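To keep things clear, I will list the structure first and then write my remarks on it.
The values are calculated or read from the model by the stated rules, or taken from the named source; none is laboratory data. Everything numeric here is computed off the predicted structure, so don't read it as measured data. Please note that ligands, DNA and RNA were not included when accessible areas were found on the heavy atoms of the full protein model with its side chains. Shrake-Rupley method; radii C 1.70, N 1.55, O 1.52, S 1.80 Å.
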Amino acid sequence: MGKVFGAAATILLGLISLAPAASAESPLEVAEELADDGVFVARARTDVDEEALANAIQQARFDGLRIVAVAPIDPQPSGSAYARRIQEVVDADAALVFLEDEPLETFVVDELSGGHIRAQQRARAVADPGRAVLTFARELTAERQPSRPALIRQLMLLALLLAAVVGAIMFLENLVGDARAFIGRRIAARRAASASPEGNKHISNDDERPESDDLMADSANGRSDH
C-alpha cells in the first residue's frame, strides 16, 4: 500500500510541476517572451539551441520577414492551432512551432500563403531548428520576388508598352500637322477664290476700254468722211 501511495504522490508532484510550465505556454504569455528576440524555448526543451534559433530569426528579420519561433512542451489544442494563435497575438508574418515528437507546424499571413506549403515541407526536411528557420524564410520570401525569366518578361512588356506610347504620340503629332496643313491650304484657296473675281473684273474693264475707243474713233472718222 505504501508503494501505491508513493507512486501516486510522485505522479501528483509531476503534474503540479508541469502545471506552471503548461500555463506559461499560453500564447499571451509566450508573446511577452517573443518581444525581445522572437524566440521562446521551454526550459525542458534541451533539443533546441535557443541561441542558434535566435540568430536565424534575426537573419530572417534582416531580410524583411517578421517571423517568430516557439519550442513549447505542450501546445494546446494542437501544434497548427497554436502556431496560428501565436501569429495572431504577436502580429508576425509567420510563426514556427517546433514540437518534440511531431513535424514542424507553421502559420503565415494571407499575403504569403502562396509559398506556405512549399516552405513548410522544405523546413520539415531540416533537422536543425535554426537551419529550418532559414530554409522556411528563404522559401517563403522567394514567392515575393519574381524569378529572373519573369522579371525579363516584365521588362520586355514595359519596353513594348513604352514603344507603343511613343509611336502613338508621333502618329497623333503627324496627324495634327497634316490636318493643320490641309486647313491652311483650304483657307488660302478660299481667299484666292474670293479675290479673283475683282481682279478679273478689273482686267476685263481694262481690255474693253481700247475697243470702245476704237469704235468712237471709227464713228468719228465715218462722220468726218461724209
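Largest first, the extents of the alpha carbon coordinates of segment 75-115 on the three principal axes equal 30, 21, 12 Å.
Run through every distinct alpha carbon pair of segment 63-138 and return the Kirkwood hydrodynamic radius in angstroms, one decimal place. The partial results should precede the final answer.
On the way: mean 1/r = 0.0821 Å⁻¹.
Taking every pair of different Cα atoms in segment 63-138, averaging 1/r and inverting gives 12.2 Å.
Set against the 2.2 N^0.38 Å expectation for a compact globular protein, segment 39-90 has a Cα radius of gyration ratio of 1.19. Computed from backbone phi, the HN-Hα couplings of segment 89-94 come to 5, 7, 6, 9, 6, 8 Hz, rounded to whole numbers (Karplus: 6.51 cos²θ - 1.76 cosθ + 1.60, θ = phi - 60°; Gly and Pro given as x). Counting heavy atoms of the protein chains alone, PHE107 has an accessible area of about 50 Å² for a 1.4 Å probe.
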